[in-house]
Amino acid sequence: MPDYPSPAQLHLDLRDPHQHLVRASLRFQPRTAVVRLRLPAWTPGSYLIRDYVRWLEGLEVYQNGRPLAVERLEPACWQFECLDRGTDPAQQAEPAAPIELSWRLLAEELTVRTCHLTADHGFLALAAVVLQVEGERWSPWRLTLALPPGWQPFLSLPADGSGGWLARDFDHLIDSPLELGPHRCHGFVVAGVPHRWVGWGEDLPSRDPDWLADVERVCQACCRLMGVERPAAAAYLFVLHLLAQGYGGLEHDDGTVLQFGRRALRQADGRRKLLQLVAHEYLHQWNGRRLRPAELCPIDYDRATLVPSLWFVEGVTSYYDLLLPLAAGISDEQELLADLGAQLSRYRLTPGRMVQSLQLSSQEAWVKLYRPDPHAPDCQISYYLKGAVLALVLDLHLRRHGAALALVLQRLWQSHGIASRGYRQSDLVEAFAHHARDLSTLLPFWLESEHDPDIDGYLADVGLVLMAERSPYRDAGWTLASGGTSLTRVMRGGAAERAGLQLGDELLAIEQQRLRTPEDACQLLLDSADSAALQVHFCRDGLLRQTSLQCDPPAVERWQLAIDPGAPATAATRRARWLSLLP
């Protein structure tokens, strides 16, 4: 058991889940006459200020059984003065009486970065729960829980042997999310390291006997990718929320929380998609957690921090999550090409990639990526998606020089990750240029430019080609609501925008023919002459209006990635080595 001196005592009471309230109390020894408290504003790995304070209520402070006046300095910052200890030197030499805090939090939002408490289970992202005592960030904490009958706690903190858990500091504490409930826990081992799998919504390992073995194979493939014999964590916890619908994950040093849809899991590619999510979050225990941007060393929980290298944290990980199930022997080449083709298709069909550079996408994560609107596809691009495409380009470029992206990851792990030394963008460029000197100029250009690298040329190296599939309809430059005829998107520079249409307009008729469904509009676009301008009647703000719509030729509907039958035999050899993750 770790030797932690005088930990702060945090107690969470979840015995009334029907109220969706977490009752928290904290007892600690004050070191100053004035104490300041803060509640984090965001959770690492999810770059959006979430203002967790909106769920906090009933904050009270006591010392020696007496209530202390609390002054609110900021929305999530409070201050209070400890009891006056007088002027007696003997009194001054004695430790101050402990401070006792209590507060409540509403837990009704089910995501991997918030809190959810019902009669079925509890999930707590502790950044949304725990008040930080200023000046005590690096002090130890002890956690205890009060749970409903029959419930068990699942967390990654070490047990203290007396019914509680110990965290070496505040960061360690809030990096350990809590899953709680009458769940079944499955254990397995990866390279000698104990792992646990806990599910809510459905016990997947009970339904799928091969599931844990396949997860273990993905975990081992991650280790091989990083050039290490065993995982970075001394023990690892997987938590899966299997829901009616949903998708996402959040990484932690010693575990991850995943959400996936039951309907999606039943699809032909559902199991593979979930394994890709497993691979993504598991790889983060290296890339993103221990191998971390310098801007997050240490993390500022109170405000947004610009991190120019988020493209590397998430883009490289998103690229490899497609390849790792194949490297683990669970999927095949055709499935990988289908998944990678879908990723490249989404990228090419997002016009915002020509507006927002990858560098800007990383820097603007706090204000754009997590707050999408109908205009987002035209003016921004996800650093996950554009970063994954650049990772593909970088991997294939490095292979022209006898290297591979995996070697860059391994080099950075040795130089920065093992030592917990944060890297900067210049460190990334240097690591790439070590294997291919021209990347010292190419990589900064690709990061700062709004233009695409030569994706087709790099794919040709491994005998692949992207083929366009065009829509059968003339391009109106709009997207209609599912089941309705209101405009949910108007493409920038497209036909609808040129015609003066805007978001929310309800289409009533085209060429005097009544519209009731999106399919009606598609059929009329299909039947109309290629060059004909169409008269469109629509409703805006309760008024009937009319405009003339000059459609564009049919647009590319999707891109498919395929093996080029005309590629030389050497391309197939290079493709096999690429897919094996070898240089």
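The values are calculated or read from the model by the stated rules, or taken from the named source; none is laboratory data. Predicted model only: the values in this text are computed from it and were never measured. In this analysis, Cβ positions are derived from the backbone assuming ideal geometry, glycine residues included, and neighbour counts consider all displayed protein chains. These area figures cover heavy atoms from the full protein model, side chains too; ligands, DNA and RNA do not enter into them. Shrake-Rupley method; radii C 1.70, N 1.55, O 1.52, S 1.80 Å.
Points to keep in mind about this one:
- Taking the three principal axes of the alpha carbon atoms in the stretch 359-439, the coordinate ranges are 43, 31, 17 Å, sorted in descending order.
- Beta bridge orientation in the chain: antiparallel %, DSSP, nearest 5: 80 percent
- Mean Cα-pair separation over length for the chain, i.e. relative contact order, pairs under 8 Å, 6 or more apart, %: 10 percent
- All Cα-Cα separations within the stretch 285-425 were binned at 10 Å from zero, giving a P(r) of 11, 36, 36, 16, 1, each value a whole percent of the pairs.
- Accessible area per residue for the chain, computed on protein heavy atoms with a 1.4 Å probe, is 43 Å².
- Each part reduced to its alpha carbon centroid, the stretch 557-583 and the stretch 191-216 end up 33 Å apart.
- Estimated [θ] at 222 nm from DSSP helical runs (n ≥ 4, -39500 (n - 2.57)) normalised by residues in the chain, nearest 500: -8000 deg cm²/dmol
- Building the convex hull from the alpha-carbon atoms of the stretch 411-477 and averaging its projection over directions returns 7.9 nm².
- Treating each Cα of the stretch 185-318 as an identical point scatterer and summing with the Debye formula, the log10 of I(q)/I(0) at q = 0.14 Å⁻¹ comes to -0.66.
- Relative contact order of the stretch 1-70, defined on C-alpha pairs under 8 angstrom at six or more residues apart (%): 17 percent
- Local electrostatic count, residue 116, Cβ distance below 9 Å [Lys/Arg +1, Asp/Glu -1]: -2
- Sorted largest first, extent of the stretch 441-583 alpha carbons per principal axis (Å): 63, 34, 28
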